[in-house]
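Here's the structure we're looking at; comments come further down.
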Number of protein chains: 2
Amino acid sequence: MVKRTSFEGDACPIARSLEAIGDWWSLLIIREALFGVRRFGEFQSKLGMAKNILAVRLRALVDHGILATAPASDGSAYQEYVLTPKGRGTFPILVALRQWSEAFDDHPEEIATILVDREKGRPVRKLELRAEDGRLLSPADTTLKPRPAPRRRSA
Amino acid sequence: MVKRTSFEGDACPIARSLEAIGDWWSLLIIREALFGVRRFGEFQSKLGMAKNILAVRLRALVDHGILATAPASDGSAYQEYVLTPKGRGTFPILVALRQWSEAFDDHPEEIATILVDREKGRPVRKLELRAEDGRLLSPADTTLKPRPAPRRRSA
DNA sequence: GGCACATGGTTTTATGATGCAACCACACAA
DNA sequence: TTGTGTGGTTGCATCATAAAACCATGTGCC
């Protein structure tokens with residue numbers, strides 16, 4: 001088997017999320033969905049991707065519970081693809097990717113847009129990782145621990 | 001051409017970052033590197049991936065300025081792969097992926113590790129997006145604006 | 001120096017994924 | 001009923017990936 005190395009059973013949460021959204025198109029589809037895109041043709045024209053893989057990706061995202069198909073909305077009998085809460089939960093991932101580009105891209109002048117807070121129109125803050133008590137954490141300030149066993153009733 | 005649809009010239013910063021780290025293995029390699037892995041064989045055995053694509057990925061990450069090759073460190077004349085600042089800058093992306101899995105995975109009990117603050121050993125806070133003035137922002141509270149033209153000296 | 005072995009890859013070959021174009025099914029309108 | 005637009009599926013060519021074999025260099029030991 002040469003199957004593209006599934007991470008489905010992997011214990012690492014990063015690998016698990018990549019299993020769902022780790023391919024070239026899925027995150028871009030989610031990005032468009034966060035901007036309100038819902039229709040097949042709209043995804044296809046905005047992303048400029050082949051229709052067959054768009055169909056495959058949309059199905060996979062629906063299977064993963066990231067998108068859901070809604071029967072209609074504008075009257076036409078076609079279906080739409082809307083984000084589930086799980087899908088909207090990817091927002092920090094997209095923001096992190098965006099901020100990484102903004103901070104480290106070799107040609108930042110080619111980046112066309114900035115993410116702003118809608119109310120004030122001002123750029124958002126950078127995402128930062130903090131400890132429970134509020135201290136700012138760098139990668140070196142963190143470590144991994146085994147997950148505590150889930151408490152069972154009859155234990 | 002069927003070439004895998006490069007996003008190199010794309011104006012969207014998310015697409016640009018996916019161009020560099022949007023494939024199956026790169027983020028996992030970076031994850032290992034953040035844990036201190038430096039040697040080819042160490043990446044290969046920990047990730048269980050084919051050596052040829054590991055070689056291709058490492059080269060690509062070096063080309064993108066995410067890893068750098070260091071001449072040695074433990075005496076042996078082999079080379080090592082160490083993260084650059086740009087590489088360490090992906091940390092929030094990995095944390096966001098991890099937290100997304102923790103929050104939405106269908107089988108969270110299979111996740112083996114939790115990210116804790118090294119000093120206290122307590123779980124870290126969730127990443128959150130805030131406005132300049134500190135307000136917590138949801139996706140709907142944000143919007144995109146065209147990037148302001150860079151100020152030139154002779155303008 | 002010479003030999004075995006480990007490290008760090010490259011080459012070969014098979015298969016899965018991607019991209020494009022063509023085709024098809026259905027809804028809606030004239 | 002013919003036409004048009006949306007929303008896909010199917011075929012085929014090409015690319016990327018994976019596994020295993022191979023190879024080059026370094027390292028340890030005598």
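The values are calculated or read from the model by the stated rules, or taken from the named source; none is laboratory data. Just so you know, these numbers come straight off a predicted model, no measurement behind them. Virtual Cβ from ideal backbone geometry, glycine too; neighbours counted across all protein chains shown. Quick note on the areas: whole protein, heavy atoms, side chains included, nothing else; ligands and nucleic acids left out. Shrake-Rupley method; radii C 1.70, N 1.55, O 1.52, S 1.80 Å.
Spatially, the stretch B:126-146 and the stretch B:36-58 are offset by 37 Å when compared through their Cα centroids. Surface analysis of chain A yields an accessible area of 55 Å² per residue, using protein heavy atoms and a 1.4 Å probe. Working from the alpha-carbon coordinates of the stretch A:84-135, get Rg over Rh, Rh being the Kirkwood radius. Looking at the stretch A:84-135, the ratio lands at 1.03.
Computed on the Cα atoms alone, the convex hull of the stretch A:24-117 gives a volume of 123 cubic angstrom per residue.
Sorted from closest to farthest, the other copies place their residue A:138 label points 3.6 nm away, with each point set 7 Å from Cα along Cα→Cβ. Applying the Karplus relation 6.51 cos²θ - 1.76 cosθ + 1.60 with θ = phi - 60° to the stretch A:109-124 yields 3J(HN,Hα) values of 5, 7, 6, 8, 10, 10, 8, 10, 6, 4, 5, 9, x, 9, x, 7 Hz, where x marks Gly and Pro. Note that the protein assembly as shown shows a convex hull volume over its alpha carbon atoms of 217 Å³ per residue. Exposed loop sites here are GluC sites (Glu not before Pro) assigned a DSSP state other than H, G, I, E or B and surrounded by at most 16 other beta carbons within 10 Å; excluding them, the longest clear run of chain A is A:9-118. Listed cross-link partners A:86/A:145; A:86/B:46; A:126/B:120; A:86/B:126; A:51/A:86 are compared with a 27 Å cut-off, the Cα-Cα value being larger for A:86/B:46.
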